[in-house]
């Protein structure tokens, strides 16, 4: 049951494509209720940026939350959930105040918030208030390096994303027989982008990459114009563009590249969102084709994935099932699984159950969902997802690919773009 509902997929679309505390953990004068399982639902506070610069991404995540109860029912989980939805407005301070409101409103567990800065703020409040927090998407490594007891992350850290992404780049070059000699890194300068830049700078010298990064260009994710940044990148004559983007700026970036007629060998992101989103395809049309995102993705071989896909298609027939949906559903699955095993929504009981999590069958690529002592799931893997025929298509690793990769990408005016 959701208090805020602001807001098909075929086989191809997949391929083509989630101890401290105490008994009263409350705001002054407010006692915790509904800790015992039974008829009482598990109250899950869902914090997402459904307005502001990241609105499209937050709304995509919300769809994963909205179908969670139906999927759990199909799986015979026997757990009732109640979503208490909040809009962070793409703002760290709002995320913090909304977290307090959800806890005061009775949330037993929290999830969200897609953005690393907002997620870090939520983590601080959750830890102070002693409420379990399951991160759906956020890669800044420091979030799980604080020694928090109440924070769990089912998403790769920036170093995990980068290591997998650069390994997939090597596979891409080997599979196509084409290797760039130079690259430029263009990155948002928010918490996520900074973590990715630092990670790339630290890991790149150790991974024996076949090209040289000739420039690193940072910009504000709220930028309305990237003409200067693209001109600077073009002037380097780099053969590969690696964008660490969000959705809106990814669109601006490609539009400006077309305008300035910059045609590098390829656009291959090192583990960032933006280029596989539905709005990216809808806005850019043929210019969205052939971009590559090296990111975690839905696993079509999982028994759970078709169940999620069926419910998603029924409720959102015009929308795209992608990783935002998958990871948000998995965050709620993790909470429901813990509640099912502990039969109590008491924070201490939930924390112990979350620490013991081991979910073998789930929807995202990788091993079992389980958390190390820092609260990090280290079993998540990435795939190379290329935009082909306006669909995110897995092209690598080869044993799970739905199509062969295309590299170098055809020029902006090429017939291959349709």
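Scan the stretch 47-69 for residues that are surrounded by fewer than 19 Cβ atoms within 10 Å (Cβ to Cβ) and over 26 Å from residue 281 (Cβ atoms) and the total you get is 0.
When 73, 91, 85 are checked against the criterion of being touching a strand residue (DSSP E or B) at 6+ places or on another chain (Cβ under 9 Å) and modelled with pLDDT of 50 or more, a single residue qualifies: 85. For the stretch 339-385, filtered to residues that are touching a strand residue (DSSP E or B) at 6+ places or on another chain (Cβ under 8 Å) and assigned to a helix (DSSP H, G or I), the residue that is farthest from residue 132 (Cα to Cα) is 339. Only one of the numbered conditions (1) farther than 21 Å from residue 162 by Cβ; (2) surrounded by fewer than 20 Cβ atoms within 10 Å (Cβ to Cβ); (3) not assigned by TED's automatic domain parsing to the domain that holds residue 67 is not met by residue 397, and that is (1).
Please work out if residue 185 is out of contact with any helix residue (DSSP H, G or I) (no Cβ under 9 Å at 6 or more places or on another chain) and either buried (at least 20 other Cβ atoms within 10 Å of the Cβ) or not in a helix (DSSP H, G or I) (or both). No: the conditions fail for residue 185. Please specify each residue of the stretch 123-151 satisfying the condition of being within 24 Å of residue 277 (Cβ to Cβ) and in contact with a strand residue (DSSP E or B) (Cβ under 6 Å, 6 or more places away or on another chain). Once the filter is applied, which keeps residues that are within 24 Å of residue 277 (Cβ to Cβ) and in contact with a strand residue (DSSP E or B) (Cβ under 6 Å, 6 or more places away or on another chain), the stretch 123-151 yields 134, 135, 136. Scanning the stretch 154-182 for residues that are more than 17 Å from the chain's Cα centre (by Cα) and buried (at least 23 other Cβ atoms within 10 Å of the Cβ), we see that the one that is farthest from residue 398 (Cα to Cα) is 169. In the set (1) farther than 17 Å from residue 167 by Cβ; (2) in a helix (DSSP H, G or I), residue 392 fails one condition alone, (2). Remark: residue 322 matches the filter, which requires a residue to be under 21 Å from residue 67 (Cβ atoms) and in the same structural domain as residue 66 (by TED's automatic domain parsing).
Scan the stretch 144-182 for residues that are farther than 17 Å from residue 120 by Cα and in a loop (DSSP other than H, G, I, E, B) and the total you get is 5. Among the residues of the stretch 267-287, those identified as over 21 Å from residue 114 (Cβ atoms) and either outside the structural domain of residue 188 (by TED's automatic domain parsing) or touching a strand residue (DSSP E or B) at 6+ places or on another chain (Cβ under 6 Å) (or both) are 267, 268. Does the stretch 48-61 contain any residue that is more than 20 Å from the chain's Cα centre (by Cα), assigned to a loop (DSSP other than H, G, I, E, B) and either in the same structural domain as residue 117 (by TED's automatic domain parsing) or modelled with pLDDT under 95 (or both)? No. For the stretch 327-341, check the following and say yes or no: at least one residue is surrounded by fewer than 19 Cβ atoms within 10 Å (Cβ to Cβ), assigned by TED's automatic domain parsing to the domain that holds residue 56 and touching a helix residue (DSSP H, G or I) at 6+ places or on another chain (Cβ under 6 Å). Yes, the stretch 327-341 contains at least one residue that is surrounded by fewer than 19 Cβ atoms within 10 Å (Cβ to Cβ), assigned by TED's automatic domain parsing to the domain that holds residue 56 and touching a helix residue (DSSP H, G or I) at 6+ places or on another chain (Cβ under 6 Å).
The values are calculated or read from the model by the stated rules, or taken from the named source; none is laboratory data. As the structure is a computational prediction, the values presented were derived from the model and not from experiment. Backbone-built Cβ (ideal geometry, glycine too); neighbour counts: all protein chains shown.
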